[in-house]
1. At 1.4 Å probe size, with every protein chain present, just tell me what the per residue accessible area of chain A comes to in Å².
2. Report, as an integer, the average count of C-beta atoms from other chains found within 10 Å of each Cβ along A:202-212.
3. Just order B:43-55, B:227-239 by mean Cβ neighbour count inside 10 Å, highest at the front, would you?
4. How big is the accessible area of A:Glu242 in square angstrom, nearest 10, if you roll a 1.4 angstrom probe over the protein chains?
5. Please list, in chain and number order, the residues 5+ apart from B:Ser100 or on another chain whose amide H is under 5 Å from its amide H, with Hs placed from the backbone.
6. Might you tell me the accessible area per residue for chain B, computed with a 1.4 Å probe and given in Å²?
7. Which of the DSSP-defined H helices in chain B satisfy a minimum axial length of 15 Å, computed from C-alpha atoms, and a minimum mean Kyte-Doolittle hydropathy of 0.5?
8. Which ³J(HN,Hα) values in Hz, rounded to whole numbers, follow from the phi angles of segment A:232-239 under the Karplus curve 6.51 cos²θ - 1.76 cosθ + 1.60, where θ = phi - 60° and Gly and Pro get x?
Amino acid sequence: MSSKWRGTQAAKGTVCKTVIRRFESAPRLIPGQFVTIRCGTGTEPLLRRPFAVHRVNREEKSFEILYEIKGEGTRFLSQYEEADDLDILGPLGNGFKIDLNIKNAILVAGGIGIAPLTFLAEELVKEKINVTLILGSKTKLDIPLSAIGYKLLICTEDGSEGTKGLATDLLNEFVRAQNFAPLQIYACGPKAMLKAVAQITNCQVSLEEIMACGVGACLGCAVKTKDGYKMVCKDGPVFNSEDIIW
Amino acid sequence: MVTDLSIELAGIKLKNPVMAASGTFGYGKEYSEFCDLNQIGAIVTKSITLKPKEGNPPPRIAETPSGILNAIGLQSDGVEKFIAKALPFLEKFDVPVIASIAGGSKEEFAELAKILSKSKRIAGLELNISCPNVKKGGMLFGCDPDAAAEVTKAARKATKLPLIVKLSPNVTDITLIAKAVEKAGADALSLINTLLGMAIDINTKKPKLGNITGGLSGPAIRPIAIRMVWQTAQAVKIPIVGMGGIMTAEDAIEFFLAGASAVQVGTGNFVDPKCIIKIIEGLYKAGPDLLTRGDF
Ligand SMILES: Cc1cc2nc3c(=O)[nH]c(=O)nc-3n(C[C@H](O)[C@H](O)[C@H](O)COP(=O)(O)OP(=O)(O)OC[C@H]3O[C@@H](n4cnc5c(N)ncnc54)[C@H](O)[C@@H]3O)c2cc1C
Ligand SMILES: Cc1cc2nc3c(=O)[nH]c(=O)nc-3n(C[C@H](O)[C@H](O)[C@H](O)COP(=O)(O)O)c2cc1C
């Protein structure tokens, strides 16, 4: 055991990163997939908490999660800067589909929705695809980001960082400037933002729903689609925006 | 130390008395990557309906102190798809499959029992007369001794398979239902299903579940389940399968002492996919005196 402690638990609303080391399945992880983590050993909190894979280091068999402190589970995790003894289940779910023939991609993140899109951006860059990542939020976010090999556009609703406005405004401009050239579009963030993105264009969206089992057994994390209820954990978390009944 | 945990429950041979509870283990396949199905006492399937059923609007899950509320609403692809798609996967495993069935009427229970009796892979049936999350049927059958007996009789006539009837805790006196069902031909009882509950998000001022109310499960309900197993064990002669908040071998032992012959694990699977396996390992290490009914 060689977990590295941060020493304190972070405050609600802040964003934290934890590096998960010695995770045998790390090389198999693909962007958009998630893991569930047991936050403690008792019965509070009871359910495992789901987190997207934020970054992977295949050689070192490690990966990172990036998360906002919401309640007990995320607070528990925030004690760990690095961990190799957490109870982690994964990889779970289906990742984003990448079309190698389409050389331009735009990724739209709303707040902490940036978590899986960083991993996706890095994989797309490896495939020599031009990537622009738009990160929108209400106000300036305290997220450690290093966009290597792709363009990062930041916008805030209150103008405290980057352009003042909505991520969807930037997306609209971008889509128009592309002049209908083929484009891969991905989005992750609050449902209201995803809905707005889906109204602008078809895209792949990563959805969240409160989940219990994480493996498709309990039918808890249902999302309504044109083909009936689908499960975020097993059928998703990545869906085609046009299949969702928003 | 115990060397042999095998039992015969209502004519079904089990390697050990620890089963996966209905609705928490899918149809086995979902957990097969994380948990060795061959080691489990039995798998009780998600409740199967006659016709496909869509289920309730989300959110379907809410966490509460040491428990969860769920309102899945018996989402099911229907019995035909279950036989054609889900059941074949289990062929290659050496584990008894108990089909949980949920009908909207006693005729539907009988029809389901008849259809499933044709499958050799099914070792027994569990009648879910206790689901709190559907409008028609569900818990209504399990809250009235006459209705519970009617459903049991109808299923009894339709099948030779062992019949386990799953009871609802949302009643004033569970022993009345237990006795009625025993008389109507049940081979065993399982209890408890979830307790009707509710939670409200004070920020949005809305119920946390799409269905408004849901069923409470997990460690929070264990003392109630233990009490009901103990009461029922004194009222009937048929074996009892106990459940409600079992997470460890110690929890399971509490049920054996209360009078259960076997146990089921539900919510525990969500917390740890190897929960059942660990409980079985723990039971092998326990003293044999802990696996039988207590004297109280
Ligand atoms: C597939 C998936 C991937 C996710 N990836 C990330 C990620 O990369 N980074 C991140 O910060 N968060 C992510 N989430 C959300 C994260 O799981 C929740 O924020 C976390 O479970 C909250 O736990 P808690 O104990 O800290 O807070 P709680 O006190 O349990 O909850 C605080 C709030 O979060 C909501 N919540 C609880 N569980 C979930 C859940 N499973 N999904 C959505 N909301 C929930 C509650 O309704 C409540 O409003 C993801 C969720 C899903 C389903
Ligand atoms: C998400 C979920 C779905 C369930 N679905 C069913 C079901 O379809 N049929 C049934 O008889 N019981 C169902 N149950 C009840 C469980 O089988 C069990 O009786 C109950 O959860 C108590 O056990 P536990 O505390 O170990 O979970 C469900 C429980 C949960 C949590």
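1. 45
2. Mean partner-chain Cβ count within 10 Å for A:202-212: 3.
3. The packing order, highest mean first, is B:43-55, B:227-239.
4. Surface accessible to solvent at A:Glu242 totals approximately 90 Å².
5. For B:Ser100, the qualifying residues are B:Thr45, B:Ile48, B:Glu126.
6. 40
7. Span-like helices in chain B: B:275-285.
8. 4, 5, 9, 7, x, x, 8, 10
The values are calculated or read from the model by the stated rules, or taken from the named source; none is laboratory data. Because the structure is a prediction, the values reported are computed rather than measured. Here Cβ is always computed from backbone atoms with ideal geometry, including for glycine, and neighbour counts include all displayed protein chains. For the accessible areas, the whole protein counts, side chains as well, though only heavy atoms, and no ligand, DNA or RNA atoms are used. Shrake-Rupley method; radii C 1.70, N 1.55, O 1.52, S 1.80 Å.
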